[in-house]
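The values are calculated or read from the model by the stated rules, or taken from the named source; none is laboratory data. Everything quoted here is computed from the prediction, not taken from an experiment. Cβ sites come from the backbone with ideal geometry, for glycine too, and all protein chains shown count toward neighbours. These area figures cover heavy atoms from the full protein model, side chains too; ligands, DNA and RNA do not enter into them. Shrake-Rupley method; radii C 1.70, N 1.55, O 1.52, S 1.80 Å.
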Amino acid sequence: MKVLLLADTHVPRRARDLPDRVWAEVRAADVVVHAGDWVEPGLLDLLEQRARRLVAVFGNNDGAELRRRLPEVARETIGGVRFAVVHETGDAKGRERRCQEMYGDVDVLVFGHSHIPWDTVTPSGLRLLNPGSPTDRRRQPRCTYMTLTAGNGSLDAVTLHRLPLPGEA
């Protein structure tokens, strides 16, 4: 199964919409995972309409309606791989240990909040993935998102995609 990982979209505050390239990935994905900080429910509505399957959580910048509609933590099995999705995991220092203790019953933890792409594996084998943000790069050189393939209980082709800067082709 092809999976698209997003987080920290901040639509419409940081961008009016997702980049066209990300919408193309939504169309191609079997599952879209969003790790919070939507800001307004409009993008959630669109992804619910357009994604074949959506796994999503709320973030710290999400108001009452998003918190009513989305969980703080989502757990789903995709292609035989056990995923958990959460917005915040705390400081980078000690992240692997904390996440291993809190999410030791899954294979992959997808998170957001920092806008900083992250891909590590804990000593127990838990894979930690943060796709960055496709709309708000903050101090990163590029806006980013991730794709991966999940099947037969394992991950393949985990790829961080860097979007062009405004004015680039």
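Worth a mention:
- Hypothetical label at residue 142: residues of segment 110-136 whose amide nitrogen lies under 18 Å (7 Å Cα-Cβ projection): 115-119, 130-136
- Degrees separating the helix 41-50 axis from the principal Cα axis of the chain, which is the longest one: 80 degrees
- Magnitude of the charge dipole for segment 100-169, about its Cα centre and with charges confined to Cβ atoms of Lys, Arg (+1) and Asp, Glu (-1), is about 380 debye.
- Measuring only protein heavy atoms, the 1.4 Å probe finds residue 113 accessible over about 70 Å².
- Just the protein heavy atoms count here, and of the accessible area of segment 24-64 at 1.4 Å, carbon and sulfur take up 43 percent.
- Calculated mean residue ellipticity, 222 nm, the chain: -5500 deg cm²/dmol, from DSSP H runs (n ≥ 4) at -39500 (n - 2.57) each, averaged per residue and rounded to 500.
- Cut-off 13 Å between beta-carbons: net charge of the residues surrounding residue 29, Lys and Arg +1, Asp and Glu -1: +4
- Cα-based shape type of segment 1-45, given that a ≥ b ≥ c are square roots of the gyration tensor eigenvalues and the cut on a/c is 1.5: prolate
- Difference of contour (0.36 nm per residue) and Cα-Cα distance, residue 149 to residue 30: 41.9 nm
- By DSSP, the beta bridges lying fully in segment 18-116 are antiparallel in about 50 percent of cases.
- When you filter the trypsin sites (Lys or Arg not before Pro) in segment 127-165 for DSSP loop state and at most 12 other Cβ atoms inside 10 Å of their Cβ, you are left with 138, 139.
- Estimated at the nearest 10 Å², the accessible area of residue 76 is 70 Å² with a 1.4 Å probe.
- Global form of the chain, assessed from the alpha-carbon gyration tensor, a/c cut-off 1.5: rounded
- The residues of the chain have, on average, 48 Å² of accessible surface per residue, using a 1.4 Å probe with all protein chains present.
- Accessible area ranking (1.4 Å probe, heavy atoms, ligands and nucleic acids excluded), largest first, for 93, 2: 93, 2.
- Rounded to the nearest 20 debye, the dipole size of the chain about its Cα centre is 240 debye, using +1 on the Cβ of Lys and Arg and -1 on the Cβ of Asp and Glu.
- Counting only protein heavy atoms and using a 1.4 Å probe, the accessible area of residue 91 comes to about 120 Å².
- Theoretical gain in end-to-end length, residue 105 to residue 168 [0.36 nm per residue, Cα-Cα removed]: 18.4 nm
- Portion, in percent, of the accessible area of segment 88-131 that falls on carbon or sulfur, probe 1.4 Å: 52 percent
- Centre-to-centre, using Cα atoms only, segment 99-141 and segment 10-24 are separated by 21 Å.
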